[in-house]
Amino acid sequence: MPNYMTPAGYKKLAEELTRLRTVDRPKVCQEVSDAAAQGDRSENAEYIYGKKKLREIDRRMRFLGKRIDAAMVVDPKQKRGDKVFFGATVVLEDDDGESTTYQLVGEDEIEAKRGRISWRSPIGAALLGKELDDDVKVKTPSGTRKFTIVDVRYE
């Protein structure tokens with residue numbers, strides 16, 4: 001399955017990978033090298049900790065590399081009418097008239113407090129393909145909720 005993401009999300013992952021590769025990893029390698037030069041490695045906490053940190057950096061770099069390789073960058077500014085697709089900012093209204101705004105983003109870009117939810121989340125998946133004024137039913141832990149789409153924007 002493709003790893004959809006916005007250009008900003010892709011840039012953030014690529015910058016993290018570059019920082020790990022060019023700044024963090026060389027720094028930790030030097031620290032490990034310096035600690036190894038101090039002698040007995042079996043009791044050298046700096047050496048042991050440095051090797052562990054190096055493994056964590058390498059693991060994160062492999063993860064980011066796979067996410068970036070699988071990325072399908074989709075610009076949310078492309079106009080797609082009133083239908084909900086990846087990147088859409090959707091305003092929903094519940095039965096009580098309360099409105100909530102969500103933007104459908106990639107799994108690596110989720111920020112729930114800012115209304116940025118995954119397109120694969122229960123709400124995101126329920127919204128995909130719907131249009132302005134459609135009713136959407138979403139299964140939540142507190143039961144099924146019904147929303148009406150009152151606005152669809154691509155920004």
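Filter the stretch 107-128 down to residues that are assigned to a loop (DSSP other than H, G, I, E, B), under 16 Å from the mean Cα position of the chain (by Cα) and in contact (Cβ under 8 Å) with a residue 40 or more places away in the chain, then give me how many there are.
Counting residues in the stretch 107-128 that are assigned to a loop (DSSP other than H, G, I, E, B), under 16 Å from the mean Cα position of the chain (by Cα) and in contact (Cβ under 8 Å) with a residue 40 or more places away in the chain gives 1.
Kindly evaluate GLY39 against the criterion of being at positive phi and surrounded by fewer than 14 Cβ atoms within 10 Å (Cβ to Cβ).
Yes; evaluated as a whole, the condition is true for this residue.
Just need a number here: residues in the stretch 107-129 that are more than 21 Å from GLY143 (Cα to Cα) and surrounded by 13 or more Cβ atoms within 10 Å (Cβ to Cβ).
5
Per-residue answers, yes or no, for (1) outside the structural domain of VAL28 (by TED's automatic domain parsing); (2) surrounded by 15 or more Cβ atoms within 10 Å (Cβ to Cβ); (3) acidic (Asp, Glu):
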{"residue": "LYS53", "(1), (2), (3)": "no, yes, no"}
{"residue": "ASP58", "(1), (2), (3)": "no, no, yes"}
{"residue": "MET61", "(1), (2), (3)": "no, yes, no"}
{"residue": "LYS66", "(1), (2), (3)": "no, no, no"}
{"residue": "ASP69", "(1), (2), (3)": "no, no, yes"}
{"residue": "GLY81", "(1), (2), (3)": "yes, no, no"}
{"residue": "GLU98", "(1), (2), (3)": "yes, no, yes"}
{"residue": "VAL105", "(1), (2), (3)": "yes, yes, no"}
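The values are calculated or read from the model by the stated rules, or taken from the named source; none is laboratory data. No experiment lies behind these values; they were computed from the predicted model shown. Note that each Cβ is placed from the backbone with ideal geometry, even for glycine, and that neighbours are counted across all protein chains shown.
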